[in-house]
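Here, each number is a calculation from the coordinates, and none is a lab measurement. Bear in mind that the values here come from a model prediction, so they are computed numbers and not experimental data. Methodologically, a virtual Cβ is constructed for each residue, glycine included, from the backbone with ideal geometry; neighbour enumeration extends over all protein chains shown.
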Amino acid sequence: GVACFVKHFPGHGDTHVDSHHALPTVDKSRAELNALELVPFKALASQAPAMMTAHIVYPQIDPDRPATLSPQLIGGILRQDWGYDGVVITDALMMKAVAERFGYAKSAVMAIEAGADMVLAQGSLAEQLVAINALRQAFASGRLTPEQGETAARRLNRLAAAYPAR
C-alpha cells in the first residue's frame, strides 16, 4: 500500500534558499512558528501516519542543527509537546543542506538521536552503506539505545500494517 507523509516539518514556506543546494535559515520564534508554520502540522499530528522533516535551521529553537537533526524540534515539539507517535522520516541526507555541513554518516545518527525513525539514505549502494554502518556502530557503541531502535521498529511496523501491499 501507499501511505501519505506530511512534509516538510516544521514548515518550508518561508525559506529563500533551496535545501538541495544550501542550508536555509528561518529566524522565527516559537510563538511565530505556532501562529503560521506549525498550524497545519499540529492540526494533522493526530491523524498523519508519517511526517518528513525539513533541512532548515530555526536558530531561535535550535541554533546549531537543522530540523532534521534537532532534538528540540523532533523530540521536543513534535514528539513531546504534541505527543506525535507516527513515523518520522528525514528528507534526503544527500542534500547539500545536511551533507556538506554534517556528512552522511553523522547526520544519519543525529537524526535518529533527534527522534526520527528512519533516514532517507539514497545514492549508490556504497553511499547507503555509509549511513547503515554509521547507525550499526551507533547502536553497538550505545550512542543509540535498543529502546530507540525498538520504538522506531514499532512505529514502522504499525505503518506497514496499516497500509499493506495488495
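Quick notes
- Whichever lysines have a C-alpha closer than 24 Å to that of residue 106, once near sequence neighbours (fewer than 8 apart) are set aside: 7, 96
- Gyration tensor (alpha-carbon) shape descriptor, the stretch 30-148, a/c threshold 1.5: prolate
- Residue exposure sequence - 147, 37, 113 - by fewest surrounding Cβ within 10 Å: 147, 113, 37
- Sorted fewest first by neighbouring Cβ atoms within 10 angstrom, 74, 132, 112 come out as 132, 112, 74.
- Taking 101, 65 and counting other C-beta atoms within 10 Å, the order from fewest to most: 101, 65
- Sequence ranges 76-84, 137-145, ranked by mean other-Cβ count within 10 angstrom, highest first: 76-84, 137-145
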